[in-house]
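Report on the structure given below.
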């Protein structure tokens, strides 16, 4: 609980919290955290509750405070409430206890605090139900001593018309069904907070004439609110006014003068057309949010907001002009005009806004910037993204504090300003602009870290010898007419990330010794052919000299054919992807150890085999060969990769054999391959053993997974299920079941996954997902807690994916039969379990073995 919140409540109950809390903190009985949270030891809390229980051990209705649901329910149901009750804090699952509470409150004449947590508010389904079940429109009685009312999701339409609000300090009724709090004027001299956030039925606010001390008025998300009482403008102590997302609010007030107001939020009042005049100086208002409104202009008196720091006008699509008086806001630091599509100009003397630190003009109709804007010496961020009509910048830029300049998408901007003096710019984004060259004075951006020129198709020459020593990230992808690459990179000794999309490297260079990321964009390759006629068939030799390179991706380079053995010179390479390079047929010999390469993606390539030297990739953890349909051979040397945990061979239809000693694998995917009868060194559990799980099924935690035909859309739902049986016939004797359970322990089975493609097969259905219909069904059975957890070796996952294709049906049968012949030799069980396989069950087995002792 926040200290301020607790203090406010205690003050409302006529206590003196500041002195008392200081004493308690001094005695270490309570603590106040750095973020203002008040904490109390559990024992101290329990001691306080026990003192209250002793007030009346047998009858809770005679105690001063009630907090447990059982006690409150007892008092309400037996109607034993008395005037002794001063505080109620209760959690109700539903709101149907209101009528009982209404009766009880009549006797609680000294009640000062009412805090009701309602988890679910179930509205009436019809008008008749509203009349019958929901007879109450308000509470008939509330104690005149009530100071704090907290009731989220309250079903009341209003509070009691007879409610004496004289002592009321705080009303918190968020997400309620209240339509109005009360009618007429009430004595509200102590009221400080009204929070009705999300009360979507609220239509109007009460009269605030007597609420002289109101500090916070929160009505955000009251979507039916169409009127705010005019007396709101006289609330001189109001600090926070939140009317955001009040979609029916068309007018606010003709004038405002709230001298204590610090935050005014009218954001997304989508039909609010006019902002009121500011009749007097409001120096404390620091945040004004008007984004998403329909206002067409700001009042000239905006300059009376002398303390304004943040002004957000984002997506005010009707706003056409800013008053010149706005430049008098010396305290303004953040101004957001993004999305004001009708705004054509920034004020001429905008340079006078000396406090401005961030200016956003994205997606406006601004055509040029006034010269004075370049004199904003404290401006740190300037964004003009997607300003399609912007064609020029000031001739020179003097913004010494500028750190970020974003001009991306300004498609008519064909010239960049001169930089007459050294600036501290860190990020410059000129993506998709029409500039043809950069000025040589760009060298004055001495601290530039990121420069993006993506899709600057008219850019021909980058100024040479500018020695941008701080530059770390450079993006020139899509700059199809750039001529002097890589010469202009000379001196960029800290460059770590380079993004481009065609082979423009023509010579070796030591310039790139620190480069750690090099990326070809998939979407750019077609544009290479279109714009330059160059087909990517191999990497330029300079790539192999990038000793600091960590990431190299060439996804879906359709013409890419080969790597050379020089790839082993990339000692820092940790990720290499050739996914989708359909012309790539031969993976090179690895002449030296590459210990840092952890992930290698060769999926959807045309390679026929892996070289025996693959064993030199000693750090390899993941090898992806998915849908390499020409792959016929994997060398035994792959078993020497002690770090290899994940091997994906799914869809390698010509691959019929695997090395047997893949003892360190954790995940092996062999669905859609030609592999038959594969049995790894580790213990392997197949469909033939499923029936024998029946006696241990209650010990197995099940996870149900519905697997659509599209393997990339897998929905997994947590739940519990027993093993599915096709019939109730006895398969094993009790003796056989007992011996098999011991065998399972010895094999350290951790996970068993089962799939079914039988239409109509009955498997546990999760209510959140509905019927699974004819989708393949997968069950994952975890045996944690059933097995010995001291094994040192992680389980191997052998995956045969679900499919109705005949080849995969045979593959599953082959796996099942292979194990049965070696471990069971019982002809009758073979027939039953193969028959079960033919009914559509697939196997996903996860098995543990031991790394040590030669197992």
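At a glance:
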item	result
Pick from the stretch 395-428, criterion under 21 Å from residue 367 (Cβ atoms) and in contact with a strand residue (DSSP E or B) (Cβ under 6 Å, 6 or more places away or on another chain), ranking: surrounded by the fewest Cβ atoms within 10 Å (Cβ to Cβ)	396
Boolean, residue 571 is touching a strand residue (DSSP E or B) at 6+ places or on another chain (Cβ under 8 Å) and modelled with pLDDT of 70 or more	no
Residue, modelled with the lowest pLDDT, within the stretch 429-448, restricted to residues that are closer than 18 Å to residue 498 by Cα and crowded, with 17+ Cβ neighbours inside 10 Å	448
Verdict on residue 35 being in a helix (DSSP H, G or I) and farther than 20 Å from residue 168 by Cβ	no
Considering residues of the stretch 331-354 that are modelled with pLDDT of 95 or more and farther than 20 Å from residue 410 by Cβ only, the residue farthest from the chain's Cα centre (by Cα)	331
Residue among 270, 199, 231, 176 that is farther than 25 Å from residue 5 by Cα and assigned to a loop (DSSP other than H, G, I, E, B)	270
Residue check for residue 215: surrounded by fewer than 21 Cβ atoms within 10 Å (Cβ to Cβ) and modelled with pLDDT of 95 or more	yes
Condition check for residue 64: farther than 24 Å from residue 190 by Cα and in contact with a helix residue (DSSP H, G or I) (Cβ under 9 Å, 6 or more places away or on another chain)	no
Check on residue 592, in a loop (DSSP other than H, G, I, E, B) and out of contact with any strand residue (DSSP E or B) (no Cβ under 8 Å at 6 or more places or on another chain)	yes
The stretch 156-173 - residue that is in a loop (DSSP other than H, G, I, E, B) and touching a strand residue (DSSP E or B) at 6+ places or on another chain (Cβ under 8 Å) and, of those, surrounded by the fewest Cβ atoms within 10 Å (Cβ to Cβ)	161
Test for residue 176: is it without any contact (Cβ under 8 Å) to a residue 60 or more places away in the chain, in contact with a strand residue (DSSP E or B) (Cβ under 9 Å, 6 or more places away or on another chain) and exposed (fewer than 15 other Cβ atoms within 10 Å of the Cβ)	no
Output for the stretch 234-267, where each listed residue is part of a strand (DSSP E or B) and out of contact with any helix residue (DSSP H, G or I) (no Cβ under 8 Å at 6 or more places or on another chain)	240, 242, 263, 264, 265
Qualifying residues in the stretch 72-97 (those that are buried (at least 19 other Cβ atoms within 10 Å of the Cβ) and in a helix (DSSP H, G or I)) - the one modelled with the lowest pLDDT	76
Matching residues in the stretch 245-275 - criterion: being at pLDDT 95 or above and in contact with a strand residue (DSSP E or B) (Cβ under 6 Å, 6 or more places away or on another chain)	263, 264, 265, 267
Residues of the stretch 6-48 classified as surrounded by 13 or more Cβ atoms within 10 Å (Cβ to Cβ), without any contact (Cβ under 8 Å) to a residue 12 or more places away in the chain, within 23 Å of residue 86 (Cβ to Cβ) and in contact with a strand residue (DSSP E or B) (Cβ under 9 Å, 6 or more places away or on another chain), total	2
Residue in the stretch 610-621 that is in a strand (DSSP E or B) and either at pLDDT below 95 or surrounded by fewer than 21 Cβ atoms within 10 Å (Cβ to Cβ) (or both) present	no
Among (1) more than 17 Å from residue 587 (Cβ to Cβ); (2) within 31 Å of the chain's Cα centre (by Cα); (3) surrounded by 19 or more Cβ atoms within 10 Å (Cβ to Cβ), the one test that residue 648 misses	(1)
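Listed here are the residues, each with its yes/no results for (1) more than 38 Å from the chain's Cα centre (by Cα); (2) buried (at least 18 other Cβ atoms within 10 Å of the Cβ); (3) modelled with pLDDT of 55 or more.
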residue	(1), (2), (3)
460	yes, no, yes
474	no, yes, yes
499	no, yes, yes
513	no, no, no
524	no, yes, no
528	no, yes, no
532	yes, no, no
546	no, yes, yes
566	yes, no, yes
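The values are calculated or read from the model by the stated rules, or taken from the named source; none is laboratory data. Please read these numbers as outputs of a predicted model, since none were measured by experiment. With ideal geometry, Cβ positions are generated from the backbone for all residues, glycine too; neighbour counts draw on all protein chains shown.
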